[in-house]
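Below: one structure, written as structure tokens.
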Amino acid sequence: MRHLLSIEDLDRADIERICDRAGAFEEVAEREVKKVPALRGRTVLNLFYEASTRTRSSFELAAKRLSADVVNFAASGSSVEKGESLKDTILTLGAHKPDAIVIRTPWAGAAELVSRWTPAAIVNAGDGKHEHPTQALLDVHTLRRRLGNLDGAKIWIVGDVLHSRVARSNILAFQKMGAEVTVAGPPTLIPRGIEALGCDVRYTLDDLPQADVVYALRMQHERMTDSFVPSLREYATWYQVNGRRLGPRQVLMHPGPVNRGVELSAEVVDSPQAVITAQVAAGVVVRMAVLYEVLAHANATAPHETDPSHPVPA
Ligand code: NCD
């Protein structure tokens, strides 16, 4: 795998291979010295044009646990424009000879564009409303740990699907893994034609009890230019996942950050059904597996750099 730009580029075998390798990396986090030398001498550049807590810290930790050198570059969203200046930034930072660039931007398609401007491997950490492939992979990993496999699992993705790159990547990844996906929310927050992705669409939570997994999305205020719901309180009345709507055997997921009291009630965030913290922990090992995967390709094209003795799980 040269880059990770979109879940569309992966098939089920790719997803399983990445999750299996992530599983093998879990043991590293249990060690006293939480490091393996797999990417020693490699440089990973984290380029974040948008706010991030989980994604950024887990990519940094993932690269460090593989012994790569990490450079963090935070572009303040206000001073950097898209187009030429994104290109200039990439060309300038290219002077540091990064082997991989992890990039998050508010612009759909930016990760793909960047992959044409640099020889580095590109990992999409979120491009606008388009995709967030590592989130989908860590969610698949979390569910495989919890359910064994996703074949036939009924997964409901609830809330602001319209503005969510997580929804798009997760619909694709969950379906590739054999799950049946339903999206649910107010009509104003469900994109027209989303059925074309193969999912079912509901505008109420009446049938939510059918779901094995309830995946709640954050209301993405920062991407809303108009008023999509009458008020957050009204939204919560109809679409909040709370103790009344969540059954004891359902698994509850959320990509974070949670708006407590809006898409989720506080009681369900802290309930035993919630795997939200497990998702965050999965983020580190899955991103280790992704970095290993894209940089192992670089190894294959530069055989003199291959270290056959690196103790990386197969
Ligand atoms: C998501 C994102 O930024 O796309 N967060 C994340 O990466 N865990 C979802 C969100 O912001 O709601």
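The values are calculated or read from the model by the stated rules, or taken from the named source; none is laboratory data. Predicted, not measured: the structure shown is a model, and the values here were computed from it. Positions of Cβ are generated from backbone atoms using ideal geometry, with glycine treated the same way; all protein chains shown enter the neighbour counts. Accessible surface is based on the protein model in full, side chains and every heavy atom, while ligands, DNA and RNA are left aside. Shrake-Rupley method; radii C 1.70, N 1.55, O 1.52, S 1.80 Å.
Could you work out the Kirkwood radius for the chain, taking every pair of different alpha carbons, averaging 1/r and inverting it, reported in Å?
Taking every pair of different Cα atoms in the chain, averaging 1/r and inverting gives 20.1 Å.
What does the accessible area per residue of the chain come to in Å², with a 1.4 Å probe and no ligands, DNA or RNA counted?
44
Cα centroids of the range 1-77 and the range 138-160: how far apart, whole angstrom?
The range 1-77 and the range 138-160 have Cα centres separated by 21 Å.
Within the chain, what whole-number % of the accessible surface is contributed by carbon and sulfur, with the 1.4 Å probe and all protein chains included in the calculation?
Roughly 51 percent of what the probe reaches on the chain is carbon or sulfur.
Taking the range 15-80, which trypsin sites (Lys or Arg not before Pro) meet the DSSP loop condition and have no more than 11 other C-beta atoms within 10 Å?
Those satisfying the criteria are ARG31.
For the range 133-278, what number results from the quotient of the Cα radius of gyration and 2.2 N^0.38 Å?
0.95
If you put +1 on each Lys and Arg Cβ and -1 on each Asp and Glu Cβ, how big is the dipole of the chain around its Cα centre, in Debye rounded to 20?
That gives a dipole near 420 debye.
Looking only at the chain, where both bridge partners belong to it, what percent of the DSSP beta bridges are antiparallel (to the nearest 5)?
Percent antiparallel among DSSP bridges in the chain is about 5.
Counting only pairs 8 or more places apart or on different chains, how many lysine pairs in the chain have C-alpha atoms closer than 27 Å?
Step by step, the pairs that qualify in the chain add up to 13.
Just to verify a number: FRET efficiency for GLU195 and MET224, C-beta to C-beta distance, R0 = 25 Å, to 0.05?
So, using R0 = 25 Å, E works out to roughly 0.60.
Work out, step by step, the length gained on full extension between ARG249 and MET1: first 0.36 nm times the residue separation, then minus their alpha carbon distance; give nm to one decimal.
Fully extending the segment from ARG249 to MET1 adds 85.6 nm.
Could you work out the relative contact order of the chain? I mean the mean sequence separation of Cα pairs under 8 Å and 6+ apart, divided by the number of residues, in percent.
Relative contact order for the chain comes out at 22 percent.
Per 0.36 nm of contour for each residue apart, how much would the distance between LEU232 and ALA24 grow if the chain were fully extended, relative to their Cα-Cα spacing?
This chain segment gains 70.7 nm when fully extended.
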